[in-house]
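**Q** My structure is below; once you've seen it, I'll send some questions.
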Amino acid sequence: MNEIYTNNYVIVAIFLILGVLLPVATVSFVGPLLRPKKPTREKQTTYESGNIPVGDSWVRFNVKYYIFALLFVIFDVETLFLYPWAVAYKELGLFALVEMVIFIALLVVGLIYAWRKKVLEWN
């Protein structure tokens with residue numbers, strides 16, 4: 001009986017080692033051999049939609065832009081959760097209605113929190 005369990009651990013260990021080694025080997029050894037590498041000055045400049053790059057590429061952005069984008073993604077994805085609920089509403093009953101009211105209340109609390117922190121103001 002112990003041999004069966006030991007054999008299972010050996011198989012898991014082999015897959016774990018392969019799961020780590022194969023991507024590392026591919027990126028480290030096979031990738032540089034297969035990809036084309038002819039660097040030129042033109043290729044190493046920053047691409048800005050055909051415009052000539054001006055200034056340093058390391059510009060600091062206000063963190064509010066990222067928070068605003070994350071809030072958009074969060075509320076956009078949460079809206080997707082409402083669709084299947086709306087489709088199956090008749091079969092789900094009162095319990096699902098209460099769950100959805102709690103869900104929407106949590107979204108409203110998050111929106112009020114973001115509003116109070118003035119994340120939604122665009123300067």
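**Q** PRE reach from Ile67 (point 7 Å along Cα→Cβ): which of the range 80-123 fall under 14 Å by backbone N?
**A** 110-123
**Q** Okay, next question. How do Trp122, Trp85 rank by accessible surface area computed with a 1.4 Å probe, from largest to smallest?
**A** Trp122, Trp85
**Q** Rounded to whole Hz and in sequence order, give me ³J(HN,Hα) for the range 10-18 from the Karplus expression 6.51 cos²θ - 1.76 cosθ + 1.60, θ = phi - 60°, writing x for Gly and Pro.
**A** Values per residue, Gly and Pro as x: 5, 5, 5, 5, 4, 5, 5, 5, 5 Hz.
**Q** For Ser49, what accessible area in Å² do you get when you roll a 1.4 Å probe over the heavy atoms of the protein chains, rounding to the nearest 10?
**A** Accessible surface of Ser49 is approximately 100 Å².
**Q** Turning to a different aspect of this structure: Can you work out the Karplus-derived ³J(HN,Hα) for every residue in the range 68-78? Use 6.51 cos²θ - 1.76 cosθ + 1.60 with θ = phi - 60°, whole Hz, and x for glycine or proline.
**A** Whole-Hz 3J(HN,Hα) from phi for the range 68-78: 4, 5, 5, 4, 4, 5, 4, 6, 5, 5, 5.
**Q** For the range 101-114, in order, what is each residue's ³J(HN,Hα) by Karplus, 6.51 cos²θ - 1.76 cosθ + 1.60 with θ = phi - 60°, in whole Hz (x at glycine and Pro)?
**A** Residue by residue, the range 101-114 yields 5, 5, 4, 5, 5, 5, 5, 5, 4, x, 5, 5, 4, 5 Hz.
**Q** Enumerate the aspartates and glutamates that Lys64 could reach by cross-link, defined here as Cα to Cα under 20 Å, with residues fewer than 8 away along the same chain left out.
**A** Cα-Cα hits under 20 Å: Asp76, Glu121.
**Q** If I take the Cα coordinates of the range 46-91 and project them onto the principal axes, what are the three extents in Å, biggest first?
**A** In descending order, the Cα extents are 60, 24, 9 Å.
**Q** A further question follows. Where Rh denotes the Kirkwood radius from the mean inverse Cα pair distance, what is Rg over Rh for the chain?
**A** Value, to two decimals: 1.21.
**Q** Once label points are set 7 Å from the Cα along Cα→Cβ at both Phe95 and Arg41, what is their separation, rounded to one decimal in nm?
**A** 7.1
The values are calculated or read from the model by the stated rules, or taken from the named source; none is laboratory data. Everything numeric here is computed off the predicted structure, so don't read it as measured data. When we count neighbours, we look across all protein chains shown, and the Cβ atoms used for this are built from the backbone with ideal geometry, even at glycine. The protein model used for the area step is the full one, side chains on, heavy atoms only, and it has no ligands, DNA or RNA in it. Shrake-Rupley method; radii C 1.70, N 1.55, O 1.52, S 1.80 Å.
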